[in-house]
Amino acid sequence: MKNRSLPFALTMIGLAALLFITLVASIILGAKDIAVINVLRALFTDKINDQILIIKEIRLPRELAALFVGAALAVSGAIMQGMTRNPLADPGLLGLSAGANLALAIVMAFAVKVSFMSIIVACFVGAAVGAGLVFGIGSLKNGGFSPVRLVLAGSAVSAFLYAVSQGIAINFKVAKDVSMWTSGGFVGSSWNQLSLVIPIVAIGIAVSILFSKQVTVLSLNEDVATGLGQRTALIKAILFILIVMLAGVSVALAGNLIFVGLMVPHMARKLVGVDYKRIIPASAIMGAIFMLGADTVARIINAPFETSVAAITAVLGIPFFLLIVNKGGKRI
Amino acid sequence: MIASRSVKKRLGWTIASLIVLIIFTFLLGSAVGHASLSFNRLLPTLMGDGTAKENIILFSIRLPRMLITLLAGMALALSGAILQVITRNDLADPGLLGINSGAGVAIALYYLFAPVGEKYASMFPLVALLGGLLTAAIIYLFSYQRRIGFKPINLVLTGVGFSMALSGLMVILISSADRDKVQFIIKWLAGNIWGADWPYILTLLPWLVIIVPFIFFKMRTLNVISLDDSVSLGLGTRLQRERLLLIIAAVALAASAVSVTGGISFIGLMAPHIAKALVGPRSQRFIPVSILLGGWLLLIADFIGRNVAYPDGLPAGVVVALIGAPYFVFLLYRTK
């Protein structure tokens, strides 16, 4: 055990260093070039010049948003995969994003004044409804649905929820606002929004790490979990709230980012093994790195125009998805 | 003998009542709508005795739209029926298999980047066909495993994954385009019957006229293919070739329908299914029924969508998804 935990610590340090480098790189790269020294100044001192102003007002909030959303999606995907013993679990595939979209459309259609707080709350509720529907349908059958079937149920529920939100959006003439939001990525993320998002994500991830041991036990076998004295129902409820919180806040800030929650935990598993005590923190950092990278690509691939980061993650994710499907999805 | 006669009788009844339903929905759809054209003016207008306004409402707006909806629904249902037989999978549907989104990306590419002339609409079915075929080929390739062969559920899942990735690609395309064009494509994606005019019927009709007789000619082959691979090989079917031909036919049908109606899923799933429940699983019986049923389903969905919300209405694709998604979940729950 001891000689295995050392490499894990090293891995985490390596990942953290990589995250820092990615963060700095993502701030430098963009429509306007920025000197490395100014990035460091902006991060660690109070000096001000033109470039530092750009960094502080535009780039830094945006990259922090990408960082925290990536971490949140990856952790919620990891918990979903462990809890449901389903290697194909992902907030986008199992109805959470679609539910949050519907809630978003309802809020934009009916609310007089839309604050970011109300959007976050709406996304929580919507994500909970979407996930509840999919899991509920999945548990209709004795012994539960197979992973593949659960994904199909997820796609049907998503199709349904998207149809409802399209109907609402078209009839109340908010189609443009809703689609701007859901494919918006990190454009225009502000400190104001971050002051709500960062605490939620940080608390969510911290609590997830506290419960990581229970996730590991659940990922083995539910009977084992009960046998080991776990109060399965209570723990599942807590984990469900965590998933909804992390995925909901991501949709509220950045819209639909599919496949991130699917890919990152699998990569983390390759790197640190099958124990969720390791998978969850590693997923958080790797998710952050992935999202920063994807957002930077989205900014520079067609500069000075933005490409949708949602589209980039979707296109990057498909080979991964196919790989997992073809492996038969047996092993988590 | 008695049993088979009663089955035949049942088939006849089913087909007759579907035709009655379609005619009834046509009449209803002609008379009810945003602009009024009352029932007792319907017949005179049809006979050429209407006012100018009535003529326009009936002949230039409502009739072409309903005809195109009917034809598209039929094409989608037939496509779904073929796909379900070939993949031996009740969950197959051109929309769910990613063929719609493949055709959609092709149309978006063409619409955004081709020099748009007067006649561009008649090219839509061809462009959609190319996109759909390409997507189908890729999906087929990825869901085929050397040792196991085809796992039907993998085919569906691969399709789901692909349609998501393709929607992502679509977003990239849209994000670099003009506002007006984006508006059109977004409505297209939602399954808004946009090509509601006589010329579009002419772009859709040939495909049906060619492929429907072809499928009726292939009924025996379809029955054989629906059995085991080894059985159908034993019976002397050239399995790979027949399968390929049928897939091309199915994709062509779906793509041509989608090119005028936009992204509509679930019709190809529901219609064959309900048809099988009504008249049994033999191709000769359930395919004609599912064609009629698909046409009627889309017709009624568009009718509901047009009238449920003023003034814009709901796209038919939205209405179909609202009915179809729960049905899909029900199937998922019931099938093994």
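The values are calculated or read from the model by the stated rules, or taken from the named source; none is laboratory data. Values in this document were obtained by computation on a predicted structure and should not be read as measured data. Every residue, glycine among them, receives a Cβ derived from its backbone with ideal geometry; neighbour counts consider all protein chains shown.
Points worth noting:
- So B:ASN100, is it crowded, with 21+ Cβ neighbours inside 10 Å, part of a helix (DSSP H, G or I) and at pLDDT below 75: no
- Qualifying residue in the stretch B:194-210 (condition: within 14 Å of chain A (Cβ to nearest Cβ) and modelled with pLDDT under 80): yes
- Identity of the residue in the stretch A:285-319, surrounded by 21 or more Cβ atoms within 10 Å (Cβ to Cβ) and of a type in the set (D, E, K, R), that ends up nearest to A:ASP33 (Cα to Cα): A:ARG299
- If you go through the stretch A:279-308 and pick out every residue that is within 13 Å of the chain's Cα centre (by Cα) and either at pLDDT below 85 or within 19 Å of A:ALA9 (Cβ to Cβ) (or both), you end up with 7.
- Every pair of residues 6+ apart whose Cβ atoms lie under 7 Å, when the first sits in the stretch B:100-121 and is under 24 Å from B:LEU253 (Cα atoms) while the second is assigned to a loop (DSSP other than H, G, I, E, B) and at pLDDT 80 or above: B:ASN100/B:PRO94; B:ASN100/B:SER265
- Unmet requirement for B:ALA72, which otherwise passes all of (1) buried (at least 17 other Cβ atoms within 10 Å of the Cβ); (2) farther than 30 Å from B:MET219 by Cα: (2)
- Residue check for A:ALA233: of a type in the set (Gly, Ala, Ser), assigned to a helix (DSSP H, G or I) and in contact with a Lys or Arg (Cβ under 9 Å, 6 or more places away or on another chain): no
- Flag if A:GLN193 is more than 14 Å from chain B (Cβ to nearest Cβ), in contact with a helix residue (DSSP H, G or I) (Cβ under 7 Å, 6 or more places away or on another chain), in a helix (DSSP H, G or I) and not basic (Lys, Arg): yes
- Scope the stretch B:218-236; condition under 28 Å from the mean Cα position of the chain (by Cα) and either outside any helix (DSSP H, G or I) or at pLDDT 75 or above (or both); matching residues: B:LYS218, B:MET219, B:ARG220, B:THR221, B:LEU222, B:ASN223, B:VAL224, B:ILE225, B:SER226, B:LEU227, B:ASP228
- Just one of the listed residues (A:ALA252, A:ALA288, A:ALA294) is within 22 Å of B:SER163 (Cα to Cα) and in contact with a helix residue (DSSP H, G or I) (Cβ under 8 Å, 6 or more places away or on another chain), namely A:ALA294.
- Checked against the criterion of being under 27 Å from the mean Cα position of the chain (by Cα) and either at positive phi or surrounded by 17 or more Cβ atoms within 10 Å (Cβ to Cβ) (or both), the stretch A:44-53 contains not a single residue that satisfies it.
- Checking each residue in the stretch A:165-182 for being under 26 Å from the mean Cα position of the chain (by Cα), facing chain B (nearest Cβ under 9 Å) and modelled with pLDDT under 75 picks out A:ALA175, A:LYS176, A:SER179.
- Lone qualifier among A:LEU15, A:LEU96 - being in contact (Cβ under 8 Å) with a residue 40 or more places away in the chain, closer than 28 Å to A:ALA247 by Cα and buried (at least 24 other Cβ atoms within 10 Å of the Cβ): A:LEU96
- The stretch B:306-334, subset touching a Leu at 6+ places or on another chain (Cβ under 9 Å) and farther than 25 Å from B:ALA92 by Cα, residue farthest from the other protein chains (Cβ to nearest Cβ): B:ARG306
- Hey, B:ILE23 part of a helix (DSSP H, G or I), farther than 23 Å from B:LYS218 by Cβ and touching a residue at least 12 places away in the same chain (Cβ under 8 Å) or not: no
- Condition check for A:ILE318: among the β-branched types (Val, Ile, Thr), within 14 Å of chain B (Cβ to nearest Cβ) and touching an Asp or Glu at 6+ places or on another chain (Cβ under 8 Å): no
- Each residue in the stretch A:272-284 was checked for being outside any helix (DSSP H, G or I) and either crowded, with 21+ Cβ neighbours inside 10 Å or on the phi < 0 side of the Ramachandran plot (or both), and 2 of them qualify.
- Looking at A:ARG331, A:ARG269, just one residue is more than 14 Å from every other protein chain (Cβ to nearest Cβ), at pLDDT below 90, farther than 30 Å from A:ILE58 by Cβ and crowded, with 19+ Cβ neighbours inside 10 Å, and that residue is A:ARG269.
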